[in-house]
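Working notes, beginning with the structure itself.
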Amino acid sequence: MLSDLDGVLLDLDDTLFDHRTAADAAAVAWAGALPGWQDRAEDAVARWLALENEHFPRYARGELTLLEQRRVRVRAFHPSLAVLDDAAVDAAFVDYLAFYESFWRALPGASELVGELLASGLKVGILTNGYPDQQRQKLERTGLFRADVPIFASAGLGVAKPSPQAFQLACAGLGTVPSRTLMVGDNYDFDVLAARLAGLPALFFDRHARGLEPGAPTSLDGVAAAILR
């Protein structure tokens, strides 16, 4: 695969950075301060995940802004939050965010993967849906930030995955052509199928062994081996 590539675009959340674990733990901690959620950790996790799965794709489709989808999720999380105005909802989210940030961790093998790709001579960038500042902070605080790895975040690009334009803009920023730029990510629809539709080859990081593509790597060590073989 290496000889066919000039660059690699890596997803961030749940590819290099352990978003799911941090988000689940933060939901439990945040819910503990809300009436009726005490000792219902599984319910809090399931509720927050369901809201993320429902409304974040609405942002990706252009139906909501990042801020709007966040406010919708907060209001729907608990009846006590549903009646709050925008300022109070934003303040409530700050409470959640403090918990979320306290659980930030890189996934095993993430730093090694980026280093090996760069050492092979490939250009490496990160293509992620989110705010540029927050996504950069994730990299900095988990030891993954590198000045030679540009970050292409949807709020900065003005378009989100799975739009073909997101991949095209990232390739342009990386200085590579789509046909020789590999997209790697854990979201089969947004990172893999969408990248292929945009003209990029794609590698599915099957972190949870969902079996959507036979032979897809289930570890970042496996991702490195698949690319560099």
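Here is how the numbers come out for the structure above:
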quantity	calculated
Residue, farthest from Pro132 (Cα to Cα), within the stretch 31-82, restricted to residues that are among the basic types (Lys, Arg) and in a loop (DSSP other than H, G, I, E, B)	Arg40
Pick from the stretch 37-48, criterion touching a helix residue (DSSP H, G or I) at 6+ places or on another chain (Cβ under 7 Å) and under 21 Å from Asp14 (Cβ atoms), ranking: modelled with the lowest pLDDT	Ala41
Considering residues of the stretch 81-93 that are over 11 Å from Arg70 (Cβ atoms) and among the hydrophobic types (A, V, I, L, M, F, W, C) only, the residue surrounded by the most Cβ atoms within 10 Å (Cβ to Cβ)	Leu81
Scan of the stretch 165-203 for residues that are assigned to a helix (DSSP H, G or I), over 21 Å from Leu2 (Cβ atoms) and under 17 Å from the mean Cα position of the chain (by Cα), ordered by number	Ala166, Tyr188, Asp189, Phe190, Leu193, Ala194
Filtered residues of the stretch 131-150 (kept if among the aliphatic types (A, V, I, L, M) and either in contact with a Phe, Trp or Tyr (Cβ under 9 Å, 6 or more places away or on another chain) or over 25 Å from Ala60 (Cα atoms) (or both))	Leu139, Leu144, Ala147
Extreme residue, farthest from Pro162 (Cα to Cα), among residues of the stretch 204-222 that are in contact with a helix residue (DSSP H, G or I) (Cβ under 6 Å, 6 or more places away or on another chain) and not in a loop (DSSP other than H, G, I, E, B)	Leu220
Top-ranked residue in the stretch 160-201 [being among the aliphatic types (A, V, I, L, M) and free of Cβ contacts under 8 Å to residues at least 24 places away in the same chain; ranked as nearest to Thr65 (Cα to Cα)]	Leu169
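One line per residue, one yes/no per condition, for (1) under 23 Å from Phe190 (Cα atoms); (2) assigned by TED's automatic domain parsing to the domain that holds Leu182; (3) charged (D, E, K, R):
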{"position": "Ala33", "(1), (2), (3)": "no, no, no"}
{"position": "Ala44", "(1), (2), (3)": "no, no, no"}
{"position": "Asn53", "(1), (2), (3)": "yes, no, no"}
{"position": "Arg61", "(1), (2), (3)": "yes, no, yes"}
{"position": "Thr65", "(1), (2), (3)": "yes, no, no"}
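The values are calculated or read from the model by the stated rules, or taken from the named source; none is laboratory data. Because the structure is a prediction, the values reported are computed rather than measured. Quick reminder, even Gly has a Cβ in these numbers, built from the backbone with ideal geometry, and neighbours come from all protein chains shown.
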